[in-house]
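Notes follow the structure.
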Amino acid sequence: MIRNLIAAERRELAALLDGLSAEQWEAPSLCAGWTVRHVVAHLTMPFRYSTPQFVLELVKSGGRFQRMSDAVARRDAPMPTAQLIAAVRDNVEHPWKPPGGGFEGALTHDVIHSLDISVQLGIEHHFPAEAMRVVLDAVVSPAARRHFGADVDGVELRAVDAGWSYGSGAPVAGLAQDLALLLTGRRVREGAFSGAGARGGAGSTPR
(Lines give C-alpha, C1' and ligand atoms only; values in the text may rest on other atoms or scores of the structure.)
Protein backbone atom coordinates (compact mmCIF):
# COMPACT_ATOMS: atom_id res chain seq x y z
CA MET A 1 0.00 0.00 0.00
CA ILE A 2 2.69 2.50 1.00
CA ARG A 3 4.77 1.53 -2.03
CA ASN A 4 1.78 2.44 -4.22
CA LEU A 5 1.45 5.80 -2.47
CA ILE A 6 5.15 6.50 -3.00
CA ALA A 7 4.95 5.65 -6.70
CA ALA A 8 1.84 7.79 -7.17
CA GLU A 9 3.47 10.78 -5.45
CA ARG A 10 6.59 10.52 -7.60
CA ARG A 11 4.49 10.39 -10.77
CA GLU A 12 2.57 13.48 -9.63
CA LEU A 13 5.79 15.29 -8.80
CA ALA A 14 7.38 14.43 -12.15
CA ALA A 15 4.31 15.85 -13.92
CA LEU A 16 4.44 19.00 -11.79
CA LEU A 17 8.15 19.51 -12.51
CA ASP A 18 7.62 18.93 -16.22
CA GLY A 19 5.30 21.93 -16.29
CA LEU A 20 7.58 24.41 -14.53
CA SER A 21 9.11 27.37 -16.32
CA ALA A 22 12.84 28.09 -16.26
CA GLU A 23 12.17 30.88 -13.76
CA GLN A 24 10.27 28.56 -11.44
CA TRP A 25 13.15 26.10 -11.40
CA GLU A 26 15.39 28.87 -10.05
CA ALA A 27 12.82 30.19 -7.56
CA PRO A 28 13.29 29.79 -3.80
CA SER A 29 11.69 26.79 -2.10
CA LEU A 30 10.53 26.41 1.49
CA CYS A 31 13.93 24.85 2.27
CA ALA A 32 16.07 27.72 3.53
CA GLY A 33 18.75 28.62 1.00
CA TRP A 34 17.58 26.13 -1.61
CA THR A 35 15.87 26.77 -4.93
CA VAL A 36 13.44 24.32 -6.52
CA ARG A 37 16.39 22.91 -8.44
CA HIS A 38 18.31 22.21 -5.22
CA VAL A 39 15.32 20.41 -3.71
CA VAL A 40 14.93 18.15 -6.75
CA ALA A 41 18.66 17.37 -6.76
CA HIS A 42 18.36 16.42 -3.09
CA LEU A 43 15.17 14.42 -3.58
CA THR A 44 16.75 12.32 -6.30
CA MET A 45 20.10 11.77 -4.57
CA PRO A 46 19.07 8.31 -3.26
CA PHE A 47 18.26 7.23 -6.83
CA ARG A 48 21.45 8.59 -8.37
CA TYR A 49 24.02 7.52 -5.77
CA SER A 50 24.96 3.96 -4.89
CA THR A 51 25.51 3.04 -1.24
CA PRO A 52 29.32 3.22 -1.59
CA GLN A 53 29.04 6.65 -3.26
CA PHE A 54 26.73 7.84 -0.49
CA VAL A 55 29.13 6.64 2.20
CA LEU A 56 32.05 8.34 0.44
CA GLU A 57 30.17 11.65 0.32
CA LEU A 58 29.31 11.29 4.00
CA VAL A 59 32.96 10.64 4.91
CA LYS A 60 34.02 13.68 2.86
CA SER A 61 31.58 15.75 4.94
CA GLY A 62 33.00 14.52 8.22
CA GLY A 63 30.04 12.25 8.89
CA ARG A 64 27.65 15.20 9.05
CA PHE A 65 24.58 14.33 7.01
CA GLN A 66 23.20 17.86 6.83
CA ARG A 67 26.50 19.17 5.52
CA MET A 68 26.77 16.35 2.98
CA SER A 69 23.17 16.79 1.86
CA ASP A 70 23.67 20.50 1.23
CA ALA A 71 26.97 19.99 -0.59
CA VAL A 72 25.55 17.33 -2.92
CA ALA A 73 22.40 19.36 -3.64
CA ARG A 74 24.44 22.43 -4.54
CA ARG A 75 26.86 20.45 -6.69
CA ASP A 76 24.15 18.51 -8.55
CA ALA A 77 21.56 21.27 -8.94
CA PRO A 78 23.06 22.51 -12.25
CA MET A 79 22.24 19.16 -13.89
CA PRO A 80 20.06 19.56 -17.00
CA THR A 81 16.43 20.03 -16.03
CA ALA A 82 15.33 17.07 -18.18
CA GLN A 83 17.77 14.84 -16.31
CA LEU A 84 16.43 15.88 -12.93
CA ILE A 85 12.84 15.25 -14.04
CA ALA A 86 13.84 11.86 -15.46
CA ALA A 87 15.49 10.97 -12.16
CA VAL A 88 12.08 11.35 -10.53
CA ARG A 89 9.97 9.77 -13.28
CA ASP A 90 12.27 6.79 -13.89
CA ASN A 91 12.41 5.89 -10.20
CA VAL A 92 8.76 5.85 -9.16
CA GLU A 93 9.18 2.22 -8.05
CA HIS A 94 12.64 2.67 -6.52
CA PRO A 95 12.84 0.77 -3.19
CA TRP A 96 14.94 3.36 -1.36
CA LYS A 97 14.21 3.78 2.33
CA PRO A 98 15.94 6.26 4.66
CA PRO A 99 18.01 4.52 7.36
CA GLY A 100 15.63 3.42 10.10
CA GLY A 101 12.67 5.13 8.42
CA GLY A 102 11.15 2.37 6.34
CA PHE A 103 8.83 3.10 3.44
CA GLU A 104 6.91 5.47 5.71
CA GLY A 105 10.09 7.55 5.85
CA ALA A 106 10.49 7.43 2.07
CA LEU A 107 6.93 8.65 1.53
CA THR A 108 7.40 11.40 4.13
CA HIS A 109 10.64 12.52 2.46
CA ASP A 110 8.94 12.75 -0.92
CA VAL A 111 5.80 14.51 0.32
CA ILE A 112 7.56 17.12 2.46
CA HIS A 113 9.96 18.07 -0.31
CA SER A 114 7.10 18.16 -2.83
CA LEU A 115 5.42 20.64 -0.49
CA ASP A 116 8.65 22.64 -0.33
CA ILE A 117 8.26 23.14 -4.07
CA SER A 118 4.51 23.34 -4.69
CA VAL A 119 3.53 25.51 -1.72
CA GLN A 120 6.26 28.07 -2.32
CA LEU A 121 5.35 28.29 -6.01
CA GLY A 122 1.62 28.50 -5.24
CA ILE A 123 0.85 25.38 -7.26
CA GLU A 124 -1.93 23.03 -6.15
CA HIS A 125 -0.54 19.54 -5.67
CA HIS A 126 -2.86 16.76 -4.57
CA PHE A 127 -1.88 14.42 -1.73
CA PRO A 128 -4.29 11.57 -0.91
CA ALA A 129 -5.62 11.54 2.65
CA GLU A 130 -4.09 8.11 3.27
CA ALA A 131 -0.66 9.40 2.26
CA MET A 132 -0.97 12.43 4.51
CA ARG A 133 -1.98 10.26 7.49
CA VAL A 134 1.24 8.26 7.06
CA VAL A 135 3.27 11.46 6.81
CA LEU A 136 1.63 13.08 9.83
CA ASP A 137 2.17 9.97 11.94
CA ALA A 138 5.84 10.08 10.94
CA VAL A 139 6.49 13.77 11.60
CA VAL A 140 4.70 13.78 14.95
CA SER A 141 6.87 10.95 16.31
CA PRO A 142 9.16 11.84 19.23
CA ALA A 143 12.29 11.50 17.07
CA ALA A 144 10.89 13.78 14.37
CA ARG A 145 9.73 16.37 16.89
CA ARG A 146 13.19 16.44 18.44
CA HIS A 147 14.77 16.84 15.00
CA PHE A 148 12.49 19.61 13.82
CA GLY A 149 11.91 21.26 17.20
CA ALA A 150 8.11 21.05 16.97
CA ASP A 151 6.34 21.89 20.24
CA VAL A 152 2.89 20.31 20.34
CA ASP A 153 2.44 20.13 24.10
CA GLY A 154 -1.01 21.14 25.31
CA VAL A 155 -2.72 21.08 21.91
CA GLU A 156 -4.73 18.65 19.85
CA LEU A 157 -3.75 18.72 16.17
CA ARG A 158 -6.59 17.97 13.78
CA ALA A 159 -6.28 17.44 10.02
CA VAL A 160 -9.71 18.44 8.76
CA ASP A 161 -9.21 16.82 5.36
CA ALA A 162 -7.56 13.56 6.42
CA GLY A 163 -9.41 12.26 9.45
CA TRP A 164 -6.30 12.49 11.61
CA SER A 165 -5.65 13.90 15.07
CA TYR A 166 -2.90 13.86 17.66
CA GLY A 167 -2.44 15.04 21.22
CA SER A 168 -4.81 16.56 23.74
CA GLY A 169 -5.63 20.09 24.75
CA ALA A 170 -6.66 23.21 22.88
CA PRO A 171 -7.54 22.28 19.29
CA VAL A 172 -5.44 23.34 16.31
CA ALA A 173 -7.32 22.45 13.13
CA GLY A 174 -6.10 22.79 9.57
CA LEU A 175 -5.29 21.03 6.32
CA ALA A 176 -3.02 18.00 6.60
CA GLN A 177 -0.34 19.60 4.44
CA ASP A 178 -0.27 22.72 6.62
CA LEU A 179 0.11 20.60 9.75
CA ALA A 180 2.94 18.69 8.06
CA LEU A 181 4.68 21.96 7.25
CA LEU A 182 4.25 23.19 10.82
CA LEU A 183 5.61 19.97 12.29
CA THR A 184 8.69 20.05 10.04
CA GLY A 185 9.59 23.65 10.79
CA ARG A 186 8.42 25.13 7.49
CA ARG A 187 6.72 28.49 7.09
CA VAL A 188 2.93 28.17 7.15
CA ARG A 189 0.55 30.55 5.43
CA GLU A 190 -1.26 33.12 7.55
CA GLY A 191 -4.62 31.89 8.81
CA ALA A 192 -3.91 28.23 8.07
CA PHE A 193 -5.18 27.05 11.44
CA SER A 194 -8.29 27.53 13.52
CA GLY A 195 -9.20 26.57 17.06
CA ALA A 196 -8.30 27.72 20.55
CA GLY A 197 -4.72 26.51 20.25
CA ALA A 198 -4.01 28.02 16.83
CA ARG A 199 -0.95 30.16 16.50
CA GLY A 200 1.34 31.19 13.66
CA GLY A 201 4.11 28.75 12.87
CA ALA A 202 7.51 29.38 11.36
CA GLY A 203 10.89 27.90 11.88
CA SER A 204 14.16 26.79 10.49
CA THR A 205 13.99 24.12 7.83
CA PRO A 206 16.20 21.14 8.60
CA ARG A 207 16.52 18.87 5.59
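The values are calculated or read from the model by the stated rules, or taken from the named source; none is laboratory data. What you see is a predicted model, and the numbers here were worked out from it, not measured in a lab. Note: ideal-geometry Cβ built from the backbone for every residue, glycine included; neighbour counts use all protein chains shown. Note: areas computed on protein heavy atoms with side chains; ligands, DNA, RNA excluded. Shrake-Rupley method; radii C 1.70, N 1.55, O 1.52, S 1.80 Å.
Numbers at a glance
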read-out: Net charge over other residues, Cβ less than 15 angstrom from the Cβ of Leu84 (K, R count +1; D, E count -1); value: 0
read-out: Relative contact order (%) - criterion: Cα under 8 Å, at least six apart; region: the stretch 66-207; value: 17
read-out: Prolate/oblate/rounded call for the stretch 22-102, Cα gyration tensor, a/c under 1.5 rounded; value: oblate
read-out: Simple label model, 7 Å out from Cα along Cβ direction - Ala27 to Glu130, nm; value: 3.1
read-out: Loop-located trypsin sites (Lys or Arg not before Pro) in the stretch 44-100, at most 13 other Cβ atoms within 10 Å (DSSP); value: Arg64
read-out: Heavy-atom accessible surface of the stretch 102-160: percent carbon and sulfur, 1.4 Å; value: 49
read-out: DSSP bridge orientation in the chain - percent antiparallel, rounded to nearest 5; value: 55
read-out: Three-way shape call for the stretch 135-196 based on the alpha-carbon gyration tensor, with the a/c threshold at 1.5; value: rounded
read-out: Listed peptides 25-35, 90-100 by packing density, highest first (mean Cβ within 10 Å); value: 25-35, 90-100
read-out: Dipole moment magnitude, nearest 20 debye, the chain about Cα centre, only Lys, Arg, Asp, Glu C-beta charged; value: 640
read-out: The stretch 55-149: C-alpha gyration tensor shape, a/c 1.5 cut-off, then a/b vs b/c; value: oblate
read-out: Volume in Å³ per residue [convex hull over Cα atoms, computed for the chain]; value: 112
read-out: Å² per residue, accessible surface of the stretch 115-168 at 1.4 Å; value: 50
